[in-house]
Every structure is written in structure tokens, then in C-alpha cells.
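To start, the structure itself, in C-alpha cells.
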Amino acid sequence: MLKNSTYKWPFVFALLLHGILFSFLFIEFITYHNYTETNKPQVNIIKATAVDQAQVEKQIADIKAKRERKHQEELARIHRLQEAKLAKIRREKALQKQKALAKVKKQQKLKTQIETKRREEIQKAMQQQIAEEKQQMAEHDRQIQAEIDKYKALIIQTISQHWIIPSDIAKNISCQLIVNVAPGGEILSVDLARSSGNSILDRSARSAVLKSSPLPVPRNAEIFDNFRQLMLTVRPEGIEG
Amino acid sequence: MTKLLKFIFILLFPVNIYAMLNLELTQGVDKAIPIGLVSFSEHNDIADIISSDLQNSGHFRVVNIDAPQQSSYRVQAVNYAYWAQQKIDNVVIGNTKIIGNKYKITFKLLDVYGRSVLLNKEYTIPKKQLRALAHHMSDSIYQQLTGKRGVFSTKIAYVLVQRDPNKPTKYSLIVSDADGYNSQNLLVSSEPIMSPTWSPDGKNIAYVSFENKRAAIYSQNIASGERKIITKYPGINGAPSWSPDGKKLAVVLTKTSYPKIYILDLATNKPQQVTFGMFSDTEPNWSPDGQSLIFTSDRGGAPQIYQLDIQTGEVQRLTYQGDYNATASFTPNGKGIVILNRNNGMFNIALQDLTTGEVNILTEFGMNESPSIAPNGSMISYATHYGGRGVLSEVSSDGKVKLRLPSQEGDVQEPAWSPFLD
């Protein structure tokens with residue numbers, strides 16, 4: 001859930017960028033193609049006329065042959081030239097294409113770098129925000145916990161003042177009481193969750209709790225919720241001055 | 001986003017947020033338990049006797065209430081909220097009806113905060129047994145609320161010395177209730193009576209009497225008054241102490257030139273010397289297990305307390321604090337000894353822990369003597385000087401409660417607390 005929302009926009013952006021880059025490539029290729037069409041090499045064609053039939057014919061034939069040869073040579077030469085030119089053009093074209101590709105690649109790389117950097121920054125900012133929020137929450141929790149601890153101490157102090165420790169009671173026994181508290185601290189009920197095995201200790205503990213009503217509890221309703229039900233362990237260890 | 005995180009947080013750590021809050025109570029106060037006592041009847045003072053029993057034990061703070069007569073003894077009519085508001089833990093309600101020359105008495109002990117009935121009893125007794133019943137009821141309440149056996153029905157024996165310039169001095173051996181009331185003479189004599197001590201069953205008291213112009217140890221049955229001589233050797237016949245099984249008596253005799261401890265088999269009356277040497281040994285007292293005796297001896301110079309292992313004859317010194325310690329007796333659990341401790345000329349009652357050696361001085365003013373501990377170990381009776389005469393006093397084992405008990409005109413000497421009697 002968290003991830004989706006974080007990378008959604010960068011992702012869309014990256015996709016768009018790729019599309020644009022690809023389209024650049026396509027357009028450049030077409031322009032180049034047009035250029036090659038217009039620069040096609042022009043070839044001059046020579047026309048011959050006959051004079052002496054036989055000789056001429058021969059001559060003609062010679063000439064023809066010569067011409068033909070020449071022509072052929074010329075053609076071949078032209079063809080070679082043409083070929084060379086074409087090859088050169090092809091090489092240039094290839095080079096250009098390569099260059100363009102390299103450029104695109106470079107641009108792409110740059111874009112990716114920028115994108116990565118941006119993404120990292122966003123991520124970093126988000127992490128920072130999360131950390132801040134966490135810290136705020138922790139601070140809030142700490143404050144709540146401090147408040148809870150304060151009232152726990154107050155409650156224990158209050159009950160201690162009312163708890164008459166039975167004389168000569170064993171120090172290694174304990175009982176547990178569940179105390180239900182209403183907002184304002186009024187004690188609704190005290191139930192013996194676990195007996196100490198000594199009814200005198202159990203009774204003294206329950207009396208002490210009920211005598212302490214109303215208990216000091218937080219006014220803040222949210223914090224008070226923690227105090228609705230208390231598990232009180234009663235273990236006789238000492239006498240308060 | 002914050003809400004979302006919070007939600008995740010709650011999902012991950014639900015325990016932290018909504019679990020039952022755990023608290024631990026380990027410290028309390030050392031206070032007397034408040035107990036309400038609704039007057040029982042206009043016909044007698046039973047509620048007053050219970051009230052002073054409980055109050056004087058030091059364990060209770062009694063709040064006496066004159067409640068409307070008609071509804072006072074009905075549990076249904078008890079206003080728990082009222083008592084709870086007063087922070088009173090327990091309430092005793094009762095009622096007395098007169099049937100001929102008898103009382104029909106009902107009483108209930110209520111737990112105010114638990115809203116429950118802890119005791120519910122009914123008695124029909126002759127009118128003259130009212131005081132005994134009141135003490136019995138106090139014992140029941142005490143046991144129910146402290147878990148320990150009460151000593152309100154036990155007795156104290158003591159010697160009362162009444163001096164009159166115009167008449168011979170009168171010595172009386174008296175047994176009274178533990179609160180000092182209801183005293184009865186066991187023996188009256190014009191010669192000194194000393195060192196009363198109870199048999200473990202509480203039926204007999206042994207004492208020293210000079211009635212034949214010289215010391216002899218007697219044993220007397222309390223109910224019948226019947227008595228017999230245990231020892232009448234030349235010289236000292238003193239400080240009897242009953243063994244826990246009741247079959248032997250430790251005594252002090254001067255068969256040699258020094259007072260020495262002897263153990264006397266009551267079946268044969270034959271004494272056997274158990275301490276030796278050229279110094280005075282006196283005031284023997286049995287350990288609860290019957291294996292040893294503690295006694296006072298000047299073998300180290302000033303009187304101090306020593307312990308004798310009866311089996312081996314080995315003797316070891318127990319007291320070191322103060323320049324003088326005497327009149328020692330074991331606490332009922334055998335873990336401590338009650339002593340008369342002298343320090344800088346002040347005689348005070350003290351409790352020494354035998355494990356730690358710690359000595360706790362319980363009295364003040366330095367004119368105290370003859371400590372004797374109650375069978376539940378909660379109180380110690382002793383004789384003290386007040387208003388120019390010897391009076392019977394009690395102090396709690398922690399030194400917090402001190403009482404002067406009523407007694408007739410005269411000097412009270414050597415109180416001895418009885419064992420449990422029922």
C-alpha cells in the first residue's frame with residue numbers, strides 16, 4: 001500500500017520519458033532517409049552516329065567495342081565510385097546512427113541518473129517524514145506512559161496508606177485482585193483473582209482497595225481507559241513509616 | 001499517514017495499549033484494625049469487656065456505637081455503606097436476651113468491605129459466666145481477624161503483698177483473668193509466697209511458700225485447692241519450672257553450698273543435679289522442646305543467662321548486652337527469650353532474638369521485674385512500680401502497647417501468665 005503510492009508518480013514519469021525518447025529515435029531516422037533519396041548520383045549517357053559502313057562498321061564496331069569497353073569501364077568505374085560513395089554514405093549513416101544512439105543512450109542514462117537521484121531524494125524525504133512521525137508518536141506514547149506511571153504510583157501510594165498489614169504475616173505469600181474502576185476513580189468492584197491461601201491477607205488487601213475509593217485516576221478519558229481494570233498483586237514486604 | 005501508522009502500531013502491539021494495568025502493592029501501614037462494636041444490650045457490659053479486650057491487645061482500634069436497640073443485631077439492618085464511609089473494616093453486632101437467670105447472647109462479626117458474615121454465634125450462659133463468655137468472644141474475633149489465638153481467656157497468677165503497720169504483712173497468691181479482673185485468692189499467708197509457675201495443662205500452680213518459716217515448694221490444684229509439698233530440703237527450695245510435658249519440675253536447691261539447678265521427676269520426687277560448680281545458678285526455665293534449660297548464673301561475674309543442654313550437660317552463655325540479665329523465659333516459639341535486663345542501673349523487660357542476638361528493650365523507667373510471656377507470644381506481663389506501689393502491667397512483644405492492670409491495694413509481685421486453658 002505504502003510502496004504503491006510512493007512510486008506511482010515516478011513510475012508513470014519514467015514510462016512517459018521512455019516513450020518520448022523512443023519517438024525521437026524514430027523521427028531522426030525518417031529525416032535521414034529523405035536525404036538519401038535526393039542525392040542519388042546522375043549518370044551521363046553518350047549517343048554515337050555511323051560513317052563508313054564496313055570500316056565504319058568495323059570502326060564502329062571497334063569504337064563500339066572500345067566505347068562499349070570504355071563505357072563498361074566507365075560504368076564499372078562509376079559503379080565503383082557509386083559503390084564507394086554509397087559505402088561511404090552507409091558508413092556515415094551508420095556512424096551517425098551510432099552517434100545518435102549513443103547520444104540517446106547518454107541522454108537516457110542522464111535521465112535515469114536524475115530520476116534515480118530524484119527518487120532517492122523522495123524516498124529519503126519520505127523516510128525522514130516517517131521517522132519524524134514515528135518519533136512524534138513515540139514522544140506521544142512516552143508522554144502517555146509517563147502519565148500512566150504517575151497515576152500508577154499515586155494509586156499504589158493511596159492503597160498503601162490504607163493497607164493495614166496483618167501482623168506476623170508470611171512475607172512470601174501474595175494474592176491478586178482485579179479492580180474495576182469507573183471514570184473519576186470510584187471503585188466498582190474488587191474480585192479475588194488469586195487467593196494467597198491466607199484469608200486474612202486476602203481480606204486486608206480487599207479492604208485496603210475499597211477504602212481507597214475513589215482512586216486517583218487521570219482525567220483524560222483516553223489515558224483513563226488504561227485504568228478501567230487493574231490487576232493488583234499484593235505482597236506483604238514492608239511497613240511504611 | 002499518521003493514523004495509518006498508528007493503526008499498524010496498534011495491530012502490532014495491542015497488549016501495550018489495552019491490557020489490564022498491572023500494579024504491585026508491597027508496602028502497608030502498621031496500624032490497629034478499626035472495628036465497630038454496636039452495644040449488645042442494656043442488661044450487661046459484655047460489649048464493654050470485648051471492647052477493652054480488643055483495644056488493649058493493640059491490634060484493634062475499637063469504635064463503640066450506641067445503635068438503635070431494635071435493629072442493631074440484625075444483619076439485614078447493617079448499613080455497610082455507613083461503616084465503609086467511616087473506614088471501619090469490621091463490625092460486631094449482638095443481642096442479649098434474659099431467660100430466667102440466664103443470658104441468651106448472639107453475636108456476629110461482619111466484614112464491612114466484603115459484606116459478609118465472618119462469625120455468627122449464639123450462647124446461653126448463667127449470668128455469672130458473662131465475663132468468661134465475653135473473653136471467649138474476644139478470642140474468637142481476635143483469631144478470626146489476626147489468624148492468631150487470643151489470650152483473653154487465659155489467666156495470670158501473681159503474689160500480692162499487703163503491708164499494714166498495725167497488722168502482720170499479708171501475702172496472697174492470686175489468679176485473675178488476663179485483663180486483671182475476676183481475681184481469686186488461691187492462698188493467703190502471713191509468710192512470703194514466691195515464684196508461682198503454671199503446669200503446662202494450666203490445672204496446677206507450683207510456688208514457694210515460707211508458711212512453715214522456711215522455704216518449701218508446693219503444687220496446688222486450682223480447681224480443688226488441693227495441694228502437696230514437692231520439696232522441702234534445707235536451705236533454698238526455689239524457682240520451680242514445669243517441663244513442657246508436665247512430668248518434671250526444674251528447681252533450685254542448695255544441697256551443696258551453692259544454689260544449683262536440679263530436675264525433679266514428679267513421679268518419684270527425686271531431684272537430680274544438672275548444673276555444677278562454685279557459683280550460683282537459679283531461675284531455670286524449660287525450652288519448648290524440653291531439651292534444654294536456660295537459667296541465671298553469676299559464673300561469669302555478674303548474673304547472665306546461660307543455656308544448659310540437658311542431654312550433654314553443655315552450658316553456653318546467651319546474654320551479653322547489659323551488665324546484668326536475669327529471670328529469663330523462652331518465647332512460645334522458642335526463638336527468643338524474655339529477660340530482665342539491667343543497664344546503667346535501669347531494670348527493663350527485654351526480648352532477645354536467639355538467632356540474631358538482637359535485644360529489644362520493651363519497657364522504660366527502669367523499675368520493672370518478673371517478665372512472663374503470654375502463650376501466644378503477643379504480650380508480656382510484668383511487675384512495675386507506679387504510684388509508690390508494685391502494679392501488674394503488660395507490654396506487647398513489639399513494645400508498642402503498654403497497660404496497667406487493675407489489682408487490689410498492695411504490691412504486685414512475680415506475675416506468671418498461664419498457658420492456654422481450653
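The values are calculated or read from the model by the stated rules, or taken from the named source; none is laboratory data. Please read all numbers here as calculations on a predicted model, not as lab measurements. Cβ: placed from backbone, ideal geometry, glycine included. Neighbour counts: every protein chain shown.
Below is a table of values for the structure above.
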| quantity | calculated |
| --- | --- |
| Any hit, region B:372-392, residues being over 11 Å from the mean Cα position of the chain (by Cα), part of a strand (DSSP E or B) and of a type in the set (Ser, Thr, Tyr) | yes |
| A:Ala125 vs. criteria assigned by TED's automatic domain parsing to the domain that holds A:Phe11 and modelled with pLDDT of 90 or more | yes |
| Residue that is farthest from B:Asp111 (Cα to Cα), among those in region A:194-205 that are without any contact (Cβ under 8 Å) to a residue 24 or more places away in the chain and more than 7 Å from every other protein chain (Cβ to nearest Cβ) | A:Arg194 |
| Residue ranges of strands (runs of 3 or more DSSP E) in region B:114-185 with at least 3 members of a type in the set (A, V, I, L, M) and over 18 Å from the mean Cα position of the chain (by Cα) | B:116-126 |
| Looking only at region A:211-241, and only at residues there that are free of Cβ contacts under 8 Å to residues at least 12 places away in the same chain and assigned to a loop (DSSP other than H, G, I, E, B), the one that is farthest from the other protein chains (Cβ to nearest Cβ) | A:Arg219 |
| Hits in region B:17-53 - residues which are more than 8 Å from chain A (Cβ to nearest Cβ) and touching a Ser or Thr at 6+ places or on another chain (Cβ under 8 Å) | B:Leu37, B:Val38, B:Ser39, B:Phe40, B:Ser41, B:His43, B:Asn44, B:Ile46, B:Ala47, B:Ile49, B:Ile50, B:Asp53 |
| Region B:142-187: number of residues that are touching a Gly at 6+ places or on another chain (Cβ under 8 Å), within 14 Å of chain A (Cβ to nearest Cβ) and in contact (Cβ under 8 Å) with a residue 12 or more places away in the chain | 1 |
| Verdict on B:Ser372 being more than 14 Å from B:Ala178 (Cβ to Cβ) and either touching a strand residue (DSSP E or B) at 6+ places or on another chain (Cβ under 9 Å) or without any contact (Cβ under 8 Å) to a residue 40 or more places away in the chain (or both) | no |
| A:Glu147, sole failed condition from (1) within 9 Å of chain B (Cβ to nearest Cβ); (2) part of a helix (DSSP H, G or I); (3) touching a residue at least 60 places away in the same chain (Cβ under 8 Å) | (1) |
| Selection within region A:176-191 - within 11 Å of chain B (Cβ to nearest Cβ) and surrounded by 16 or more Cβ atoms within 10 Å (Cβ to Cβ) | A:Gln176, A:Leu177, A:Val179, A:Val181, A:Ile187, A:Val190 |
| A:Glu28 among the acidic types (Asp, Glu), part of a helix (DSSP H, G or I) and modelled with pLDDT of 70 or more | no |
| Selection count, region B:97-115, where residues are farther than 17 Å from B:Trp83 by Cα, surrounded by fewer than 21 Cβ atoms within 10 Å (Cβ to Cβ) and not β-branched (Val, Ile, Thr) | 5 |
| Of all residues making up region A:156-175, the number that are touching a residue at least 12 places away in the same chain (Cβ under 8 Å), at the interface with another protein chain (Cβ under 9 Å from one of its Cβ atoms) and among the β-branched types (Val, Ile, Thr) | 4 |
| Any hit, region B:116-125, residues being surrounded by fewer than 19 Cβ atoms within 10 Å (Cβ to Cβ) and under 24 Å from B:Trp198 (Cα atoms) | no |
| The lone exception for B:Leu5 - which of (1) within 14 Å of chain A (Cβ to nearest Cβ); (2) modelled with pLDDT of 85 or more it fails | (2) |
| Breaking point among (1) under 28 Å from the mean Cα position of the chain (by Cα); (2) part of a loop (DSSP other than H, G, I, E, B); (3) within 23 Å of B:Thr169 (Cβ to Cβ), for B:Pro196 | (2) |
| Output for region A:146-175, where each listed residue is of a type in the set (S, T, N, Q), exposed (fewer than 15 other Cβ atoms within 10 Å of the Cβ) and either on the phi > 0 side of the Ramachandran plot or not assigned by TED's automatic domain parsing to the domain that holds A:Arg194 (or both) | A:Gln157 |
| Candidate set: region B:264-300, residues that are among the hydrophobic types (A, V, I, L, M, F, W, C) and outside any strand (DSSP E or B); chosen: the one farthest from the chain's Cα centre (by Cα) | B:Met278 |
| Answer from A:Ala208, A:Ala153, A:Ala131 - the residue that is assigned to a helix (DSSP H, G or I), more than 17 Å from B:Met20 (Cβ to Cβ) and facing another protein chain (nearest Cβ under 8 Å) | A:Ala208 |
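To keep it simple, each residue is scored yes or no on (1) surrounded by 13 or more Cβ atoms within 10 Å (Cβ to Cβ); (2) at pLDDT below 85.
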{"position": "A:Lys70", "(1), (2)": "yes, yes"}
{"position": "A:Gln82", "(1), (2)": "yes, yes"}
{"position": "A:Ala94", "(1), (2)": "no, no"}
{"position": "A:Lys97", "(1), (2)": "yes, no"}
{"position": "A:Ala100", "(1), (2)": "yes, no"}
{"position": "A:Val104", "(1), (2)": "yes, no"}
{"position": "A:Leu110", "(1), (2)": "no, no"}
{"position": "A:Lys117", "(1), (2)": "no, no"}
